[in-house]
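A.B. asks: This is the structure, below, for whatever I ask next.
We did not get these values from a lab; they are worked out from the coordinates using the rules stated. Keep in mind that what you see is a predicted model, and the values were worked out from it rather than measured. Ideal geometry is used to build each Cβ from the backbone, glycine not excepted, and the neighbour counts take in all protein chains shown.
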Amino acid sequence: MRRLCLWLVFFVMLGIQSAFAQFVVKGTVVSKADNEPLIGVSIMQKGTTNGVVTDIDGNYELKIQGGDADLVFSYIGMRSQEFRVNARTGVLNVALEDDSQIMNEVVVVAYGVRKKGTIAGSVSSVKAEKMENVPAPSFDQALQGQAAGLSVVSVSGEPSKAAVFKIRGTNSINSGTAPLFILDGVPIESSDFNTISPGDIESVSVLKDASSTSIYGARAANGVVVITTKRGLSMDKAKVTLRAQYGTSQLARTEWNMMNTAERIEFEKLVGLDNGQDYDLLSQVDVNWMDAIFKDNAPLQNYELSVNRATDKMNYYVSGSFYDQDGIAPGSSFRRYNIRANAEVKASNWLKLGTNTMAAYEEIEQTVEGSPSLSSPIFACRLMLPYWNAYNEDGSIASQTDGTWKGTGQNPLEWLANNPVTNKKYKVLSTVYAEITPIENLTIRAQFGADFSHSTGSSQSFPSYILNAGLGSAGRSSYDTMNLTETTTANYRWTYKEDHAFNFMLGQEAVNYDTEGFQVYTEGQTNDLLTDLSSGVRASSWMNSATSYAYLSFFARAEYNYKDLYYADFSVRADASSRFGKNNRWGGFWSVGLMWNIKNEKFLKDVEWLTNAQIALSSGTTGNSLLPSDYYHLALVAGGPSYNDEAGIYPAQSSNPDLSWETTWATNLAFHLGFIDRINVDIELYNKRTTDMLMEVPESYAITGEGVRWENIGVMANRGVEISANADVLRLNDFTWNLNANISYNKNELKELYNGVDEYVNSTTGIRYEVGRPINEFFLNRYAGVNPANGEQLWYTKDGELTNEFREEDRVMTGKTFDAPWMGGFGTTFSWKGLSLSAQFSWLADRWVMNNDRYFEENNGGFSGYNQSKRLLYDGWKKPGDVTDIPRYGEIAQLDDRFLENTSFLRLKNVTLSYSLPRLWLEKSKFFTAARVYVQGQNLLTFTGFTGFDPEYSGNVYLGVYPPSRQFTFGVEVSF
């Protein structure tokens, strides 16, 4: 009995000792994003009130009662983590994923965000790190090659010009083909991209199929690009970040095929243009006009300062930036001042208030481009003779005024200096919103957005310029645009028995757009210092314009999720547009999306090598209302003509009250696969059918006297496939190697035209619309080369026979279009400790343009008074038996398919080498929390067979195009 009592006392004492036993766990908590210490992280012993917070260095020490315990590490806006500890743990260091990394798992969609992997629709997302350091005024060029199905092609290399966007092909003949752009819930134009600092952008989502776009209804037939700006990151104190960047620009490609002085002299002697020429004098001058016109070290600089913070009650991001870039062509520059304030306040448990506001001011100088004029330096540089010197020995511009210019006509540099054109733009875009939660799971959000732009232009032609004969001219323009948007949504989430999750949304939206402006030119100014409007003696031209449109929309969306296994979403939208007549003002659009997460099925859950497997199917309709005018449905009269010096009016347009929406029905099938938690592959197939296309249909002048009429006609189809892949090839402790690639193919086909017509020739473009063929296929005469016997040009007839007669009726469809069916991009990133090296390539294939520059430089005798291509000297026909494609001198070229060139290219778009300083080094400063330096090159290499300056051009005729530039920049980014 005594022994039993002793054992009982022993176990009681052992239990008491265990109950009061203590052990200590300590460590450091850092941010996984930058390895910086986190201050104020909560570490709690689960199921108790025992806990601590990290100190200024991210350190903690927690005494734990008892045996094994679970510690929960939590921080506002960061992913909470839980760890099991015991007396043997000792030190536990933790890295928490911050808000930006969680955002990588979140995709911005229409009117909200969704977790990646729970979306039935087709959405591609590009994150901030791809855009914020690119040396460009806007983010658009950074998107090239980043998202499957998205075509981003430059319209010009001029710094202020936006690229042309297309998503999954061309959907219309005459209506707009650009996607809808949404910035923080407000629609914007691509011309406003340069007002947005790329460093302020958090992500860009590309919505491609009906399931993701139909909720935008009437404006979403061409896809939607949703731009989301940054907000405050979670931290206990404000984070200040400073970025500085400096670099230079030069021509991306320097291939030059024009004659030098020795070659030009030889050519003149060969063809008999040497009469009266002093070649001893001329041979002393040899000017490469490409070097004379384009700058080799055009500077650019960019400075950004941002402050952000987030707490449980407040979130803000405030930034300011300055961007300044000289263009590589004379007379072009871009300067921008930009500020932004994004803020959100949790006013109470049921109310949030917020705003996203930006303001920008721009100064833009634009040179003359796209014109076959000697006043355009970009075009003229190809025709200026190499023995005409653009500059005097002292570096001043050779002038006709003092006789130092020896060339024919004007020196393009002198013309540009005496005819400056400058533009200014003031931009304010602000949204304010309120969110209320009256009951659990119900959120009502009301948002109002105002987008205001004021643009001015100024042009001068100085009277001292010799061509003006002492009388100058001046022009001014001013345009104001206001776009107001109001959106109200109610969102209700509901879970039934944990397995069934529902999300319902009802919404209403209204858009009101107004713009007005004028321009006027006066002549007769006599003083260079007073070359303004009021100094002129008469107005030479004047015009004013005003237009407006409005939308009213109602929409709804329902989403269902069963056990993260089956997903479904349904959306409907009704839109009314002022652009259409009373008979068809309203349009209805819908979509259905289904997704099966096969990986969560029981038969695949234990397959470790397969980390993701999803199949998604969607179908639905969207609309297009983009027209050149907002009033095609109305009968209009216009003024302008005069009769006996009295102003008159005339009927300018007949009405069409039946004009209505262009509708696209799209179906998408997607497969999302993941392997060994390192490789992700997305495969998507789509089919789009556009009906009731908005087209300018020709009609007899006898009907209305107009010759054309806007109607809803025809059918067009786009079918394609997209493949995207991303892989962490190596993922070691300090080293990672990532590869990414995407490829897209789109087949466009015109299915129907109007009134039973199967073909229609667009006479001014070299393009014919023909049922059964792509919409933008060239319709040209086929060049057959040169007759070796006599050097004459030869062509094929429409029946394939040879002829030396050029006839319009022999034009045929060439099978070549200026819409690239193939496109894509690929890239790689190496990271080792703080060092990172990345490269990104983009490419297009089977895209054709008419190189009109060659028509002027290879026109044997048509423009021989100016410089010509070396091919005329070396490859031109000279004697019977010569086999070549350059005819004998005097054979004037025609615009046939010899000038049709393949602009396929592979471009090394960006290379960046960066180094982030170690945290231990920065801790010693007691001030800096992060520091990074980097160098990068943009448009470093281009592989192409195109003979012009650059193959990247969005139009169908290449003529005096401002080429893209290659850039080298050095940057510094510090945070404190």
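A.B. asks: Got a sec? How would 542, 665 order by Cβ neighbour count within 10 Å, fewest to most?
C.D. replies: Starting with the residue having the fewest Cβ neighbours, the order is 542, 665.
A.B. asks: Next up: Can you give the Rg to Rh ratio for the chain, taking only C-alpha atoms and Rh from Kirkwood? Let's see the in-between values first.
C.D. replies: Values: Rg = 33.1 Å, Rh = 32.2 Å.
Answer for the chain: 1.03.
A.B. asks: Measure up 230/295; 166/798; 563/688; 237/346; 237/425; 130/747 against 26 Å on the Cα-Cα distance and list the ones that go over. Please report the intermediate quantities before stating the final value.
C.D. replies: On the way: 230/295 36 Å; 166/798 33 Å; 563/688 32 Å; 237/346 18 Å; 237/425 36 Å; 130/747 29 Å.
Pairs exceeding 26 Å: 230/295; 166/798; 563/688; 237/425; 130/747.
A.B. asks: What is the calculated FRET efficiency for residue 339 to residue 113, with r their C-beta to C-beta distance and R₀ = 22 Å, to the nearest 0.05? Before the final figure, lay out the partial values.
C.D. replies: Numbers: r = 26 Å, r/R0 = 1.17.
Computed FRET efficiency for residue 339 and residue 113 comes out at 0.30.
A.B. asks: Take the stretch 725-858, drop everything but the C-alpha atoms, weight them equally and run the Debye formula without solvent; then report log10 I(q)/I(0) at 0.20 Å⁻¹ to two decimals.
C.D. replies: Ignoring solvent entirely, the Cα scatterers give -1.19.
A.B. asks: Shifting gears a bit: Determine the distance separating the Cα centre of the stretch 411-478 from the Cα centre of the stretch 324-338; give it in Å without decimals.
C.D. replies: Answer, in whole Å: 15.
A.B. asks: Treating only the Cα positions of the stretch 593-693 as identical point scatterers, give the base-10 log of I(q)/I(0) from the Debye formula at each q in 0.17, 0.21 Å⁻¹.
C.D. replies: Evaluating at q = 0.17, 0.21 Å⁻¹ gives log10 I(q)/I(0) of -0.88, -1.05.
A.B. asks: In deg cm²/dmol, rounded to 500, what helix-only [θ] at 222 nm does the chain give when every DSSP H run of at least 4 residues adds -39500 (n - 2.57) and the total is split over its residues?
C.D. replies: Roughly -2000 deg cm²/dmol at 222 nm, from the helical runs in the chain.
A.B. asks: Follow-up question, since we're still on this one. If the viscosity is 0.692 mPa s and the temperature 37 °C, what translational diffusion coefficient in µm²/s does Stokes-Einstein give for the stretch 521-655 when Rh comes from Kirkwood over Cα pairs? Walk me through the numbers before you get to the answer.
C.D. replies: Details: Rh = 21.7 Å.
Rounded, D is 152 µm²/s.
A.B. asks: Could you give the distance between the Cα centres of the stretch 172-235 and the stretch 908-958, to the whole Å?
C.D. replies: 24 Å
A.B. asks: Also, quick follow-up: I'd like the FRET efficiency for residue 804 and residue 885, computed as 1/(1 + (r/R0)^6) with the beta carbon distance as r and R0 of 22 Å, rounded to 0.05.
C.D. replies: Details: r = 15 Å, r/R0 = 0.67.
That gives a FRET efficiency of 0.90.
A.B. asks: I would also like to ask the following. Rounded, prolate or oblate, given the Cα gyration tensor of the stretch 187-294, with a/c below 1.5 counting as rounded? Write out the running numbers ahead of the final one.
C.D. replies: Numbers: a/c = 5.86, a/b = 2.32, b/c = 2.53.
Oblate is the answer for the stretch 187-294, as a/c is 1.5 or above yet b/c matches or exceeds a/b.
A.B. asks: Next question. Find the centroid of the Cα atoms in the stretch 388-410 and in the stretch 546-612, then give the distance between the two in whole Å.
C.D. replies: Between the Cα centres of the stretch 388-410 and the stretch 546-612 lies a distance of 64 Å.
A.B. asks: What ranking do 167, 378, 676, 339 get, fewest neighbouring Cβ atoms within 10 angstrom at the top?
C.D. replies: Working: 167 26, 378 29, 676 11, 339 16.
In order of increasing Cβ crowding within 10 Å: 676, 339, 167, 378.
A.B. asks: Rounded to whole Å and sorted largest first, what semi-axes of the equivalent ellipsoid does the C-alpha gyration tensor of the stretch 37-174 yield via the square root of 5 times each eigenvalue? Could you put the intermediate results ahead of the total?
C.D. replies: Details: eigenvalues 460, 65, 22 Å².
Output for the stretch 37-174: semi-axes of 48, 18, 10 Å.
A.B. asks: For the stretch 398-403, just list the computed ³J(HN,Hα) in residue order, Karplus coefficients 6.51, -1.76 and 1.60, θ = phi - 60°, integers in Hz, with x standing in for Gly and Pro.
C.D. replies: Karplus values, whole Hz, x for Gly and Pro: 4, 10, 5, 4, 9, x.
A.B. asks: Could you please rank 83, 778, placing first whichever residue has the fewest other Cβ atoms within 10 Å of its Cβ? Intermediate values should be presented prior to the final figure.
C.D. replies: Working: 83 16, 778 23.
Listing 83, 778 from fewest to most nearby Cβ atoms yields 83, 778.
A.B. asks: If you don't mind, there's one more thing I want to ask. How much length would be gained if the chain were fully extended between residue 644 and residue 68, taking 0.36 nm per residue of separation minus their Cα-Cα distance, in nm to one decimal? Spell out each step's value before the answer.
C.D. replies: Details: separation 576, 0.36 × 576 = 207.36 nm, distance 10.26 nm.
Length gained, residue 644 through residue 68: 197.1 nm.
A.B. asks: With θ set to phi - 60°, apply the Karplus curve 6.51 cos²θ - 1.76 cosθ + 1.60 along the stretch 540-552 and write out the HN-Hα couplings as whole Hz, x wherever there is a Gly or Pro.
C.D. replies: 8, 7, 7, 6, 9, 8, 7, 8, 7, 8, 8, 10, 10
A.B. asks: Let me ask another. Could you pull the Rg and Dmax for the stretch 796-861, using just the Cα atoms, both in Å?
C.D. replies: 22.1, 69
A.B. asks: Going by the alpha-carbon gyration tensor, a ≥ b ≥ c the square roots of its eigenvalues, is the stretch 101-229 rounded (a/c under 1.5) or, if a/c is not under 1.5, prolate (a/b greater than b/c) versus oblate?
C.D. replies: Because a/c hits 1.5 or more and a/b fails to exceed b/c, the stretch 101-229 counts as oblate.
A.B. asks: From the C-alpha coordinates alone, can you work out the Kirkwood hydrodynamic radius of the stretch 855-976, in Å?
C.D. replies: Values: mean 1/r = 0.0523 Å⁻¹.
Every distinct Cα pair counted, the radius reaches 19.1 Å.
A.B. asks: Taking amide H positions as placed in the peptide plane 1.01 Å from N, state which residues far from residue 767 in sequence (5 or more) or on other chains have amide H under 5 Å from it.
C.D. replies: The list, which skips near neighbours in sequence, is 762, 779.
A.B. asks: What are the ³J(HN,Hα) values, in whole Hz, obtained from phi via the Karplus relation 6.51 cos²θ - 1.76 cosθ + 1.60 with θ = phi - 60°, for each residue of the stretch 261-273 in sequence order, with x given for Gly and Pro?
C.D. replies: For the stretch 261-273, the Karplus-derived couplings read 4, 4, 5, 5, 5, 4, 5, 4, 5, 5, 9, x, 9 Hz, x marking Gly and Pro.
A.B. asks: Let me ask another. Rounded, prolate or oblate, given the Cα gyration tensor of the stretch 119-170, with a/c below 1.5 counting as rounded?
C.D. replies: Numbers: a/c = 3.24, a/b = 1.36, b/c = 2.38.
Oblate.
A.B. asks: Reachable aspartates and glutamates from residue 582, Cα under 19 Å, same-chain residues fewer than 8 places away excluded?
C.D. replies: 630, 658, 662, 692, 711
A.B. asks: Let me know the whole percent of all Cα-Cα pairs from the stretch 19-97 that are separated by more than 17 Å. Please report the intermediate quantities before stating the final value.
C.D. replies: Working: 1169 of 3081 pairs.
Counting pairs separated by more than 17 Å, the tail of P(r) holds 38 percent.
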